[in-house]
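J.: Please find one structure pasted underneath; my questions will follow.
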Amino acid sequence: GVPTGGEVNIFINHAVTFSGLLPLGSDSFLINVNGCLSGATSNDTLTTGATVMANYGGINVKEFQTSDDFLNYGRVNVTGNYNQSGNFWIYNGGMVDVDVMFNSSDSVLNDGELRCAQWTIGGLVSGTGKFCVSGCFINTGGIGGILDICDATPSTPCDISGVIAPSFTYCVASPRTGVSVACSATGMNDFDHEKVNVSVFPNPSAGNFS
């Protein structure tokens with residue numbers, strides 16, 4: 001079933017669809033490899049304040065907001081805006097696609113790929129992955145690591161600027177195209193993943209297992 005937000009631990013192991021606003025706050029929130037959480041319409045919003053949220057499967061929503069640690073090994077498709085606070089990790093093979101604005105006010109470690117139309121940075125960004133931005137790129141935080149950053153429209157007043165380490169690679173990307181993140185009963189299509197070992201504590205635990 002659809003989580004209500006009052007659970008201690010939330011585990012999603014198959015395709016789950018919600019409508020409207022889904023606010024989730026829990027100690028842990030795990031979307032497994034075969035799991036997918038999707039909005040039923042073009043106007044659905046997911047907000048999470050889980051102490052630790054990990055996605056190994058898929059997320060499809062209009063608006064997305066995280067306010068605590070988020071670990072992404074899978075795919076995230078946001079057709080509107082993604083407002084991120086709390087630490088955000090995109091691991092190797094992870095993909096995040098944001099159609100409008102990615103607003104990051106906390107640290108981002110990207111070893112995968114993130115594509116968005118607009119990006120505002122308020123925290124520290126690092127990693128070995130790739131960012132592709134088709135529109136405005138406003139940096140009031142700091143960029144480090146050995147990232148590959150592509151800006152399809154490099155022009156003032158929203159070109160790459162601010163504190164940027166010399167170790168990143170700058171490239172001019174072709175205009176961004178969307179990524180279809182489709183859910184099925186067996187999880188994400190065409191999704192490669194590494195074997196994941198998951199431990200639950202305490203055991204036994206009171207939570208919502210989907």
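J.: Which whole-Hz ³J(HN,Hα) couplings does region 88-97 yield from phi under the Karplus relation 6.51 cos²θ - 1.76 cosθ + 1.60, θ = phi - 60°, glycine and proline marked x?
T.: Ordered by residue, 3J(HN,Hα) equals 10, 10, 10, 8, 3, x, x, 10, 10, 10 Hz.
J.: Just to make sure I understand: if all protein chains stay in place, what is the order of L37, L124, L71 by accessible area at 1.4 Å, largest first? Display every interim value, and only then the final one.
T.: Details: L37 0, L124 120, L71 35 Å².
The ordering from most to least exposed comes out as L124, L71, L37.
J.: If a paramagnetic tag sat 7 Å from the Cα of N92 along the Cα-Cβ line, which residues of region 32-75 would have the backbone N under 20 Å from that point?
T.: Answer for region 32-75: 33, 55-57, 71-75.
J.: Taking θ = phi - 60°, what integer Hz values does the Karplus form 6.51 cos²θ - 1.76 cosθ + 1.60 yield along region 98-113, in sequence order, with x for Gly and Pro?
T.: Each residue's phi maps through the Karplus curve to give 10, 6, 10, 10, 9, 10, 9, 10, 9, 6, 10, 10, 10, 10, x, 8 Hz.
J.: Give me the percent of Cα-Cα pairs in region 21-69 that sit more than 13 Å apart, rounded to a whole number. Working shown, then result.
T.: Working: 648 of 1176 pairs.
More than 13 Å apart: 55 percent of the Cα pairs in region 21-69.
J.: To the nearest 10 square angstrom, what accessible area does I59 show with a 1.4 Å probe?
T.: 0 Å²
J.: From the P(r) of region 49-97, can you give the percent of Cα pairs sitting at distances over 11 Å? Intermediate results must be reported in sequence, preceding the final value.
T.: Numbers: 772 of 1176 pairs.
Here the tail beyond 11 Å accounts for 66 percent of pairs.
J.: To continue, here is another question. Under the rule of at least 5 residues apart or a separate chain, name every residue whose amide H is placed under 5 Å from the amide H of R115.
T.: Long-range HN contacts for R115: V96, D97, V98, C132.
The values are calculated or read from the model by the stated rules, or taken from the named source; none is laboratory data. All of these numbers come straight from a predicted model, not from anything done at the bench. Methodologically, a virtual Cβ is constructed for each residue, glycine included, from the backbone with ideal geometry; neighbour enumeration extends over all protein chains shown. The accessibility values were calculated without ligands, DNA or RNA, using every heavy atom of the protein model including side chains. Shrake-Rupley method; radii C 1.70, N 1.55, O 1.52, S 1.80 Å.
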